[in-house]
1. Which order do Tyr101, Tyr155, Tyr206, Tyr69 take when ranked by solvent-accessible area (1.4 Å probe, heavy atoms of all protein chains), largest first?
2. Taking the 0 to 90 degree range and rounding to the nearest ten, how far is the long axis of helix 36-45 tilted relative to the main principal axis of the chain, both from C-alpha atoms?
3. In degrees, nearest 10, range 0 to 90: what is the angle between the Cα axis of helix 141-171 and the longest Cα principal axis of the chain?
4. Per-residue accessible area for Cys116 at 1.4 Å probe radius, Å² rounded to 10?
5. By the scheme Lys and Arg +1, Asp and Glu -1, what is the net charge of all other residues having a beta-carbon under 13 Å from that of Gly118?
6. Calculate the spin-label point distance for Ile190 paired with Arg176, positioning each point 7 Å from the Cα along the beta-carbon direction, and give it in nanometres.
7. Determine the shape class of region 126-239: with a ≥ b ≥ c the square roots of the Cα gyration tensor eigenvalues, call it rounded for a/c under 1.5, and otherwise prolate if a/b is greater than b/c, oblate otherwise.
8. Any chance you could give the angle, 0 to 90 degrees and rounded to 10, that helix 176-198 forms with the longest Cα principal axis of the chain?
Amino acid sequence: MLEWLLAAIDPSRPHEVGLAASWHARFMTLAWGVIAPSAVLIARFLKITPKQNFPAQLDNQFWWRSHLYGQCAVLVLTLVAFAIIVSVRSGQIGVHGYLGYSVLFCLVMQFTLGLCRGSKGGPTDPKPDGSLSGDHYDMTRWRLAFEHLHKTLGYVTLLTAATTIIAGLWLSNAPRWMWIVIIGWWMVLICVFITLQKRGWAIDTYAAIWGTDPNHPGNRRPSPGWGMRRPLDHGQPGE
């Protein structure tokens, strides 16, 4: 069994990966196979944590910090891995390379969108004159466009990254155990996603920050994004 696990996925080719390529693969797999999808899961399903006293306690920053720091770590690891492989590779980049450049482009786009997401506003971030006005609190057209584009591009990036990792495994003729571990981990994440979605943990960001009072302008319109709900529509998360 051990011999089978250690054997390359394609017996007709050798599994020969240089030092630079191996570290490139490790950094990219950690970034896009582990950290990025975990940060997305936290952002989608832990806007209200299980022990949080909602609605007495609002604007739980756990999901925001986890998502931000996680994606910053992804950015750093990606840039380091990119620099490593560019320093030793030349010539045609192939399918794996083109996919990798696509992921890098999407990553830059996501961070640019994040920087341009607009002002927050609301009771937690009033202006000096006391006004509650803000792109997020008022759910302006710019904020709605950001919400839809950021979420859609995020899932597209994850799928592209997963495809890139698979292409990298095949290109390097990785041993079977790597395929099993990586794909097995993704299956766990998918099962967690489906379970938490069915249990109603996909909470609307607006309501998680400011509550469900209809006087808040964003509560008078549907939640942006598919499968999202307001916290009190069907009870607390997990109920």
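1. On the way: Tyr101 105, Tyr155 70, Tyr206 5, Tyr69 140 Å².
Highest to lowest solvent-accessible surface, that is Tyr69, Tyr101, Tyr155, Tyr206.
2. 20 degrees
3. 20 degrees
4. 60 Å²
5. Values: positive: Arg117, Lys120, Arg141, Arg143; negative: Asp125, Asp135, Asp138, Glu147.
Here the count lands on 0.
6. Between Arg176 and Ile190, the simple spin-label model gives 2.1 nm.
7. Numbers: a/c = 3.79, a/b = 2.01, b/c = 1.89.
It is prolate, given that a/c is not under 1.5 and a/b is the larger ratio.
8. Tilt relative to the chain: about 20 degrees.
The values are calculated or read from the model by the stated rules, or taken from the named source; none is laboratory data. This one's a predicted model, so the numbers in the text were calculated from it and none came from an experiment. Here Cβ is always computed from backbone atoms with ideal geometry, including for glycine, and neighbour counts include all displayed protein chains. In case anyone asks, the SASA skips ligands and DNA or RNA and just uses the protein heavy atoms, side chains included. Shrake-Rupley method; radii C 1.70, N 1.55, O 1.52, S 1.80 Å.
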